[in-house]
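First up is the structure itself, then whatever we jot down about it.
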C-alpha cells in the first residue's frame, strides 16, 4: 500500500469543515469499510470552492460520496479527501405546469419519485426503488423498471473540484455533455453533481401512486433487504448477471462475512460488523467462476474503492 499523503495542509485550509478519520461504513449501504482520511460535508458552493483550493495545495485523491448505494470501500479506507453534499443540496422544486422538476444532488430518488407523483407528474415512478441520490443517479445514469435518468434529464449542474480556474462555479451540462449510457456518464471522478433539472409529463396522481406501490412490492418480493449495494454486476449483453451466477449454483456462496443472496444471485450481503475485503474477495471469486464456466466476463457495477488491484486512485461514486 502506498504511503499516506500528508493532508495537514489541506486540513489547515478546510479548517473546521474537515473531520479526520471518519468511518465510511455508515455512508454506504453495505455498512462496512474503512475510514476517510479527511471528510468534508459541503453545505454550499463556497465549501466546494474551499475543497478545490485544498486540492490545489495537496496532491491527494478525492472521492465524492452521496448515498453510497453503489460503492464498496476497502477496510484500509480512503487516504484522501471525501466530499459529501449536505442537506442544503437536497431541495426539490416541482412545477407541475411546465412540467419541470429541479432537484439538488443530495435529494433522494424515492423522495423525488413520490413528490412528483403527488404533483400528478409521471415518468419518474421507477426511481422509488433506487436507494440513491440525484447526484449519483446522474453520474451513473441510474435506472430500473424500463426507464433511467436519461429519459427525463434536461441538464445537470456540475462542480469541478480540480478546475484550473479557481473562480469557476457550477456549470450546467446538457445531455450531449453528459453522454449518458448504460450505467455510465462523462462525469469525471473529481466532478460533483450539485443539481439536476428533469422534464416529466402530466399524469394521474392515483395511477402514479399505484405504480409506485407495485414497484415497492415487486422489489420487496424479489430483492433482498439488509446490507447490500444492489446489483453487483452489470448485465452482459443479451443476458443477466444474476441468471449466470444462479445457473452455476452459487447462491449462498460465502467468503468470510460476505455471501451471495439466496433471494437474488446478483446481490451480495455483508454481515453486521463484517469486512469489506470479504465482499471484494467474493466479487472476484464470482467473476472467476463465471468466466471459467461460461467464458463471460462480469464487470462490477459497484464502485470498488481502495483495493490494491484497482489502479485508479480517484473514483466518483456519489
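Please treat every number below as a calculation from the coordinates, not as lab data. Note that this is a predicted model, so its numbers are computed, not measured. Note: ideal-geometry Cβ built from the backbone for every residue, glycine included; neighbour counts use all protein chains shown.
Worth pointing out:
- For the chain, the Kirkwood radius over C-alpha pairs fed into Stokes-Einstein at 37 °C and 0.692 mPa s yields D = 162 µm² per second.
- Estimated FRET transfer efficiency when R0 is 30 angstrom, pair residue 96-residue 222 (beta carbons, to 0.05): 0.40
- CD proxy at 222 nm, helix term only [per DSSP H run n ≥ 4: -39500 (n - 2.57); per residue of the chain; nearest 500]: -8000 deg cm²/dmol
- Considering only Cα atoms, the convex hull volume of region 90-221 works out to 99 Å³ per residue.
- Taking the centroid of alpha carbons for each part, region 1-75 and region 116-141 are 26 Å apart.
- Antiparallel DSSP beta bridges within region 1-136, percent to nearest 5: 55
- Separation between Cα centres of region 207-237 and region 244-291, rounded to whole Å: 18
- Paramagnetic reach from residue 145 (point 7 Å along Cα→Cβ, amide N under 20 Å) across region 185-208: 198-208
- Only Cα sites of region 92-167 enter the Debye sum here, all with the same form factor; the resulting log10 I(q)/I(0) across q = 0.18 1/Å is -0.69, listed in q order.
- Rounded D (µm²/s) - region 1-90, Kirkwood Rh over Cα pairs, Stokes-Einstein at 20 °C, 1.002 mPa s: 162
- Percent of C-alpha pairs per 5 Å bin, region 231-301, short to long: 3, 19, 32, 27, 13, 5, 1, 0
- Normalised contact order of the chain, rounded percent, pairs of Cα under 8 Å and 6 or more residues apart: 20
- Ranked by how many other beta carbons lie within 10 Å on average, peptides 154-160, 291-297 from highest: 154-160, 291-297
- Region 8-87 - share of DSSP beta bridges that are antiparallel (%, nearest 5): 35
- Across the alpha-carbon set of region 165-318, the Rg to Rh ratio works out to 1.03, Rh being the Kirkwood radius.
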